[in-house]
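Q: One structure coming up, written as structure tokens, with questions to follow.
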Amino acid sequence: VHQLLIAQNGIYILENLDLEELAKDQVYEFAFVFSPLRLKGGTGSPGNPIAVK
């Protein structure tokens with residue numbers, strides 16, 4: 001599944017996002033930017049998720 005979604009379709013599986021601060025500040029709409037490491041053939045990578053209000 002990971003290789004099908006990530007490598008072939010560019011769909012990233014994101015888990016354990018900490019969205020508590022956004023909810024506490026009542027931010028419900030934002031641009032989401034995610035920058036994973038570009039690893040050829042990789043099915044996992046650390047990333048840098050950013051919410052832009």
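The values are calculated or read from the model by the stated rules, or taken from the named source; none is laboratory data. All values reported here derive from a predicted model rather than from experimental measurement. Every residue, glycine among them, receives a Cβ derived from its backbone with ideal geometry; neighbour counts consider all protein chains shown.
Q: ALA51 - would you say it is touching a helix residue (DSSP H, G or I) at 6+ places or on another chain (Cβ under 9 Å), of a type in the set (A, V, I, L, M) and modelled with pLDDT of 85 or more? Steps first, answer last, please.
A: On the way: touching a helix residue (DSSP H, G or I) at 6+ places or on another chain (Cβ under 9 Å): yes; of a type in the set (A, V, I, L, M): yes; modelled with pLDDT of 85 or more: yes.
Yes.
Q: Find all pairs meeting these conditions: Cβ atoms under 6 angstrom apart; at least six residues apart or on different chains; first residue within segment 1-13 and under 16 Å from LEU39 (Cβ atoms); second residue assigned to a loop (DSSP other than H, G, I, E, B).
A: Note: pairs meeting the criteria are HIS2/THR43; GLN3/THR43; LEU5/ILE11; ILE6/THR43.
Q: State the number of residues belonging to segment 9-43 that are assigned to a loop (DSSP other than H, G, I, E, B) and more than 22 Å from LYS53 (Cα to Cα).
A: Step one: filter segment 9-43 for residues assigned to a loop (DSSP other than H, G, I, E, B), giving 10-19, 25-30, 35-43.
Subsequent filtering for residues that are more than 22 Å from LYS53 (Cα to Cα) retains 10-11, 13, 37-43.
Qualifying residue count, segment 9-43: 10.
Q: List every residue pair whose Cβ atoms sit under 9 Å apart, with the two residues 6 or more apart in sequence or on different chains, where the first one lies in segment 21-33 and is on the phi < 0 side of the Ramachandran plot and the second, anywhere, is surrounded by fewer than 10 Cβ atoms within 10 Å (Cβ to Cβ) and in a loop (DSSP other than H, G, I, E, B).
A: LEU22/TYR28; LEU22/LYS53; ASP25/LYS53; VAL27/LYS53; GLU29/LYS53; PHE30/LYS53; ALA31/LYS53; VAL33/ASN48
Residues checked against (1) touching a strand residue (DSSP E or B) at 6+ places or on another chain (Cβ under 7 Å); (2) surrounded by 10 or more Cβ atoms within 10 Å (Cβ to Cβ):
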| residue | (1), (2) |
| --- | --- |
| LEU5 | no, yes |
| TYR12 | yes, yes |
| LEU17 | yes, yes |
| LEU22 | yes, yes |
| ALA31 | yes, no |
| THR43 | no, yes |
| GLY47 | yes, yes |
